[in-house]
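Student: I'd like to ask some things about the structure below.
The values are calculated or read from the model by the stated rules, or taken from the named source; none is laboratory data. Bear in mind the structure is a predicted one, so any value in this text is a computation, not a measurement. Every residue, glycine as well, gets a Cβ built from its backbone with ideal geometry; the counts of neighbours run over all protein chains shown. Only protein heavy atoms, including side chains, enter the accessible area calculation; ligands, DNA and RNA are left aside. Shrake-Rupley method; radii C 1.70, N 1.55, O 1.52, S 1.80 Å.
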Amino acid sequence: TLRAISGTSATTTVPVDITVTRSTSAVNTALSAFADAYNAAIDEVDTQRGQGAGALGGQFVVSQLVGLLSSISTFSSDGQISGLKGLGLDLKTNGHLTYAAFDFMSADLTGSTGVTSFLGSATGGGFLKNATDILKKIEDSATGLLKTSKTDVTAQITRVTNTIAAKQSKVDALQIRLQNQMAITDALIAAMQQQVSYFSSLFGAQQTANSMYK
């Protein structure tokens, strides 16, 4: 770029360096939101593990979700920026991501091409393509992990419900048989009591007669 300088007798031009930078606000906001969403997902999965686990405790789907989420946060590239830490996203030992906006702005200022290459796009490779593919594996309405797991759990619940219903029918039938047997037993006991009463009366009468005719 040339700048004209006017004087009293001549006009000259000298070179001027101009640095053009792009706005980082949109990407900065997106990365911050990504960190929050990722941490919320990790926290939700953690409620399904260990002592006091939720409804999915012990289900293989929990381990699968942990693995897929880890594949997002540990994505690496051979470019100028090799991982999320180069964008200010640091993975901590508790599984959470912390975001340092100044680290991202510094990386973008000194190597915007590397940032663009690492991020890529949802269909053209890079981090965004990886994350999009993984989220599809989790959330796809037909073949996603959550959908298939829901189908499996629903089938398990149906099987358990049917088993309980079958067992309950057997219990009900057994209860009816026991009630019928108890009724028959009660009738037999009543008949035996009548017979005991009859023989007691007969024996008593015999004793009375014997005493009278001695």
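Student: Suppose we filter M212, M182 for residues that are exposed (fewer than 10 other Cβ atoms within 10 Å of the Cβ) and without any contact (Cβ under 8 Å) to a residue 24 or more places away in the chain; which single one remains?
Tutor: Of M212, M182, the one residue that is exposed (fewer than 10 other Cβ atoms within 10 Å of the Cβ) and without any contact (Cβ under 8 Å) to a residue 24 or more places away in the chain is M212.
Student: Quick one: count up the residues across the stretch 72-122 that are in a strand (DSSP E or B), surrounded by 18 or more Cβ atoms within 10 Å (Cβ to Cβ) and not hydroxyl-bearing (S, T, Y).
Tutor: If we filter the stretch 72-122 for residues that are in a strand (DSSP E or B), which is where we start, we get 76, 83, 89-91, 97-99, 121.
Those still in the list that are surrounded by 18 or more Cβ atoms within 10 Å (Cβ to Cβ) too: 89, 97, 99.
With not hydroxyl-bearing (S, T, Y) added as a condition, the list becomes 89, 97.
Final tally of qualifying residues: 2.
Student: Condition first: in contact with a Lys or Arg (Cβ under 8 Å, 6 or more places away or on another chain) and open to solvent by less than 70 Å² (accessible area, probe 1.4 Å). Now tell me which residues in the stretch 123-175 satisfy that.
Tutor: Matches in the stretch 123-175: D140, G144, L145.
Student: Right, here's the next one. Pick from the stretch 34-55 the residues that are within 21 Å of G144 (Cβ to Cβ), open to solvent by 60 Å² or more (accessible area, probe 1.4 Å) and in a loop (DSSP other than H, G, I, E, B): which of them is modelled with the lowest pLDDT?
Tutor: The qualifying residue modelled with the lowest pLDDT is A55.
Student: Across the stretch 56-71, which residue is farthest from A131 (Cα to Cα) among those that are assigned to a helix (DSSP H, G or I) and open to solvent by 60 Å² or more (accessible area, probe 1.4 Å)?
Tutor: Checked the stretch 56-71; the qualifying residue farthest from A131 (Cα to Cα) is F60.
Student: Being touching a strand residue (DSSP E or B) at 6+ places or on another chain (Cβ under 7 Å), touching a residue at least 40 places away in the same chain (Cβ under 8 Å) and not small (G, A, S) is the filter here; which residues of the stretch 85-114 pass it?
Tutor: Answer for the stretch 85-114, where residues must be touching a strand residue (DSSP E or B) at 6+ places or on another chain (Cβ under 7 Å), touching a residue at least 40 places away in the same chain (Cβ under 8 Å) and not small (G, A, S): L89, L97, T98, Y99.
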